[in-house]
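Okay, structure first, notes after.
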Amino acid sequence: MRLQRQHHTHRLTRAKKTLCVLFVLSQVFVMYMFWKWSKVKLVQYCQPQAQTRLGVVSQAQSRDRWIITSFYTGSDVIDIPGWTVLFFGVTDASVFCRFSDCVILNSVEDEKLTQDENDKWLPKKTRAYLHAISHGAKVICVARHLDTGTIQLIRRMTDNMPESGMMLMSNKTFIRPHEIFNNVKIAATKYYNDFFIEKRLSALILSSFSPSQGETTQGKQSRDHDLYPPVFLPINTYTSLSTHVNVFRYDAFWALFLRDTGNGDMIIQRLLWEITGHIGIYPSSTSERTGTTINKPVNVPPALLSWKCIPGLKILECLENVMTTMAEELQVTVQDLYLINKWISELKSIKYRPPQRDGRAAQPLKKAALGIAGTQLDRTSVNSQSRKQLQQLCPTSVIRFPKQVIDDIALIITFNVGKFYSNINILEAMYRPYFATIIYCGPNLTKFKKHIRVLTTPYFIFIEAFKRGWYFMFECTVEAMKLNIGVKGFLQIGDDTLINPWNINTQPRDKIWLHTGFNMANASLEELVPRWGFWKYKPNMLAVIDEIKNMSEFKPKSSFESRFLLNYRNNSQNFTYFFIQSADFMYMPMAFKHNYTIMANLLLKHTVMVEIGFVNVAFGLQMWENIHFVKNGSLYGLRSKYRSFYSVHDLYLHPFKLQRHLARQSGRHFFCEIYLNDTFRI
C-alpha cells in the first residue's frame with residue numbers, strides 16, 4: 001500500500017510539472033504572436049496598384065472618427081473608444097500604439113516607397129489626411145499632441161456634434177478668440193459681447209481656445225473653462241483657428257491642407273460661407289498658450305475681402321479660384337498654389353465628395369431671437385467674492401463653501417419680471433460656489449445688463465425670454481439645451497426658490513425630477529373647475545395630446561410620438577387624469593433634449609402655461625416608476641411660514657422673497673443664522 005501511494009504521488013508530481021511547462025510555453029507563444037501582430041500594425045503609404053493612390057492597410061476596417069497627431073505624452077497604451085488614432089512622423093510609436101484602433105504612418109518606409117518625382121510634394125501630415133479620408137473618415141480631429149486633457153477636450157467637442165448654439169453678434173471683419181469670450185472695459189464701463197441662439201447650425205469646423213491664456217491656479221491648470229459653451233462666428237467675421245485641436249467634419253475635409261498654408265485660416269472661413277458652414281470656438285483649459293500672440297496685429301488679406309466665387313463653380317473650383325487670385329496679388333506663394341492644386345487632385349483620386357454650393361452668398365442674421373450676455377472669464381476666486389458679500393449681509397455668520405462644485409448640472413434661475421434682477425448679487429453669492437454653470441433667464445436684456453456691470457463673477461449666461469409672459473418659462477430649459485454645455489441635466493428654479501445645493505449630489509442625473517405636490521384632475525373638458533384661474537389652459541393641453549395622437553397615426557410604434565402616448569396613457573390611467581404642478585423646481589436630463597424640444601414647441605404652439613405643460617410632458621417622456629419624486633417644498637397658502645417648514649435635509653423651499661425678507665430682521669435672522677449657518681449644512 002505504501003508503494004502504491006508513493007507511485008501515485010510521483011505520478012501527480014510529474015503531471016503538475018508537465019502542466020506548468022505547458023502553461024509557460026503557451027504564455028511565450030501568446031507573447032510572440034502579440035509582438036508579431038504589433039509589427040504588422042505599421043501602416044505604409046504605397047504607390048497605386050488600383051485606381052486609388054492610397055494603399056490598403058492589412059486588416060483595415062472602415063472607421064468614421066480619426067485623430068491625427070504626431071506626439072503622445074501618456075504612459076498607457078492608447079485606447080480611445082470610437083476613435084482611430086493615426087500617428088505620423090513618429091519614430092517609435094509602437095510602444096503605446098498596439099490596438100487595432102491605433103495605426104502608424106511609417107515615415108521611413110514611406111520615403112523609400114515615394115521616390116517618384118510627382119509624389120515628393122506629399123508631407124507626412126497630408127498623407128495621414130488622405131489615408132483617413134480614404135478609409136471612411138467622417139470626422140477628423142487634428143491635434144498637435146495627445147495627452148489626457150486633450151483627449152477629454154476632443155470628446156467634449158465631438159460626443160454631441162452641435163446642431164445649434166451661441167452665435168456671436170458682430171459686425172467686425174476680424175475678432176480674436178479672446179475678444180469673443182472676454183468683455184472689454186471702455187473707460188469706467190464694461191462692454192459685453194452679445195449673442196443669439198442659432199437654432200440650425202452647420203458646424204463644420206470646431207476649434208479650441210484657452211481664455212486663461214495658460215494661466216494656472218495653485219500650480220495646476222484650471223478646468224473651469226471646460227464647461228463653457230462654444231461660440232459660433234457669423235458670416236463675414238473672421239477669427240484665428242487653434243494650433244492645438246481642430247475638428248473637421250466631412251464637408252470641410254477640403255480645408256485640412258489649408259491649415260498649413262499662408263493665410264489658410266482666412267481662406268478656410270471665406271470658403272465655408274459659400275456652403276453656409278460655421279466655425280465653433282470651444283473655450284478650454286487644455287488649449288495652447290496664446291498670451292504671446294494676443295496683441296499681434298492681424299489683417300485679412302484685401303484680395304480675400306474683395307473676392308467672390310463665380311456662380312456655378314463647385315467648392316473645390318472656388319478653392320482653386322481664390323488661391324489663384326491671391327497668388328496674383330502675392331498674398332499666397334506660388335508654391336502654396338501648386339500644392340493646393342495637388343491636394344485637390346488627390347482628393348478627387350480618393351473619391352472625396354465635396355459639399356454642394358447653392359450659388360447664393362449666405363447673409364448674416366440681423367435680428368436676434370434670444371439675447372445672451374457673458375462676462376469676462378476672470379481668474380478671481382468665486383468663493384472669496386461670495387463670502388465677502390455674504391459676510392456683509394450676515395457679519396456674525398460662519399460661512400462654509402464646498403471643496404468641489406457641481407459640474408454636471410446647470411442651474412437655471414428664472415425671473416418673472418426685470419425688477420428682480422437686483423437679486424443677482426446675492427444669488428451669485430449663494431449658488432456660484434456650488435454650481436459651475438449658472439444660466440439666468442428672464443425678460444429685457446437691456447435691463448439685465450444694467451444690473452451686471454458691477455459683478456465680479458467669472459462667467460454667466462443670460463437668456464432673454466418670456467416675450468409672451470412667464471407662463472411659458474419652460475422655454476428657458478429648451479433654449480439652454482441648445483448651447484452645447486457639457487452637463488447631464490438642467491435644474492430650473494425661480495429667483496425666489498431657496499435650494500439646498502449640498503443635497504443635489506445624491507440625486508439621479510438621468511431621470512426627470514417632479515415634486516410630490518403635483519395634483520391630478522379629471523381630463524374631461526366638462527370639468528373646468530374655476531377654483532384655479534389658469535385652469536383655462538386645460539383645453540390647450542388636450543389639444544397638444546390630440547396633435548400627438550394625429551402625428552402617431554402615420555408612424556411606427558417605435559417612434560417618439562407612439563412611445564410618448566404609451567407612457568402618458570399608462571401614467572394617466574388611459575387619459576382619464578390630468579396633472580398640475582408648480583413650476584418653481586424642475587429638472588430635465590440632457591438626454592431628453594430632442595424629445596423635450598418637440599414637446600415644448602407644441603406647448604408654445606397651443607399656448608399651454610408651464611404649470612400644466614411641464615408635468616404632463618414629463619409623464620409622457622418617462623414612466624411613473626422611472627421619474628424621480630422629491631419632497632414638495634411649495635408653501636401655497638403658508639408663505640409666511642418658511643421658518644417652520646424649512647429643513648436642511650430637503651432639496652428646496654418656495655417662496656423665499658429675497659428683497660422682501662432680507663429687508664426684515666426676521667428674514668435676515670433665518671437667512672444668516674439658519675440657512676447659511678455652517679453647523680447646519682451637510
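Quick look at the numbers
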{"item": "Number of positions in region 564-587 that are buried (at least 19 other Cβ atoms within 10 Å of the Cβ), outside any helix (DSSP H, G or I) and aromatic (Phe, Trp, Tyr)", "result": "4"}
{"item": "Of all residues making up region 419-428, the number that are open to solvent by less than 10 Å² (accessible area, probe 1.4 Å) and either on the phi > 0 side of the Ramachandran plot or among the hydroxyl-bearing types (Ser, Thr, Tyr) (or both)", "result": "1"}
{"item": "All helices (runs of 4 or more DSSP H) inside region 292-351 with 2 or more residues being loosely packed, with under 13 Cβ neighbours inside 10 Å", "result": "302-306, 334-349"}
{"item": "Residues satisfying the stated conditions in region 239-262, i.e. assigned to a loop (DSSP other than H, G, I, E, B) and either open to solvent by less than 10 Å² (accessible area, probe 1.4 Å) or hydrophobic (A, V, I, L, M, F, W, C) (or both)", "result": "Thr239, Leu241, Ser242, His244, Leu256"}
{"item": "Top-ranked residue of region 388-418 - restricted to ones that are in contact (Cβ under 8 Å) with a residue 12 or more places away in the chain and polar (S, T, N, Q), ranked as farthest from Leu483 (Cα to Cα)", "result": "Thr396"}
{"item": "Residue count for region 329-363, restricted to those that are out of contact with any Phe, Trp or Tyr (no Cβ under 9 Å at 6 or more places or on another chain) and touching a residue at least 12 places away in the same chain (Cβ under 8 Å)", "result": "16"}
{"item": "Only one of Leu483, Leu445, Leu491 that is closer than 27 Å to Thr607 by Cα and surrounded by fewer than 22 Cβ atoms within 10 Å (Cβ to Cβ)", "result": "Leu445"}
{"item": "Candidate set: region 225-238, residues that are open to solvent by less than 10 Å² (accessible area, probe 1.4 Å) and not in a loop (DSSP other than H, G, I, E, B); chosen: the one modelled with the lowest pLDDT", "result": "His225"}
{"item": "Number of the exception - Pro402 against (1) open to solvent by 40 Å² or more (accessible area, probe 1.4 Å); (2) modelled with pLDDT of 80 or more; (3) in a loop (DSSP other than H, G, I, E, B)", "result": "(1)"}
{"item": "When residues of region 602-646 are limited to those that are in a helix (DSSP H, G or I), in contact (Cβ under 8 Å) with a residue 60 or more places away in the chain and of a type in the set (S, T, N, Q), the one least open to solvent (accessible area, probe 1.4 Å)", "result": "Asn616"}
{"item": "Any hit, region 502-513, residues being surrounded by 22 or more Cβ atoms within 10 Å (Cβ to Cβ) and at pLDDT 85 or above", "result": "yes"}
{"item": "Failed item, numbered, when Tyr431 is tested on (1) open to solvent by 30 Å² or more (accessible area, probe 1.4 Å); (2) among the hydroxyl-bearing types (Ser, Thr, Tyr); (3) modelled with pLDDT of 85 or more", "result": "(1)"}
{"item": "Test set (1) buried (at least 22 other Cβ atoms within 10 Å of the Cβ); (2) over 17 Å from the mean Cα position of the chain (by Cα) - Asn416 fails condition number", "result": "(1)"}
{"item": "Wholly enclosed helices (runs of 4 or more DSSP H) of region 98-198 bearing at least 2 residues modelled with pLDDT of 70 or more and surrounded by 15 or more Cβ atoms within 10 Å (Cβ to Cβ)", "result": "124-134, 148-158, 177-181"}
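The values are calculated or read from the model by the stated rules, or taken from the named source; none is laboratory data. Note that the structure is predicted; figures quoted are calculated from it, not measured. So basically every Cβ, Gly included, is an ideal-geometry build from the backbone, and we count neighbours across all protein chains shown. Protein only, heavy atoms only, side chains kept; ligands, DNA and RNA dropped before computing areas. Shrake-Rupley method; radii C 1.70, N 1.55, O 1.52, S 1.80 Å.
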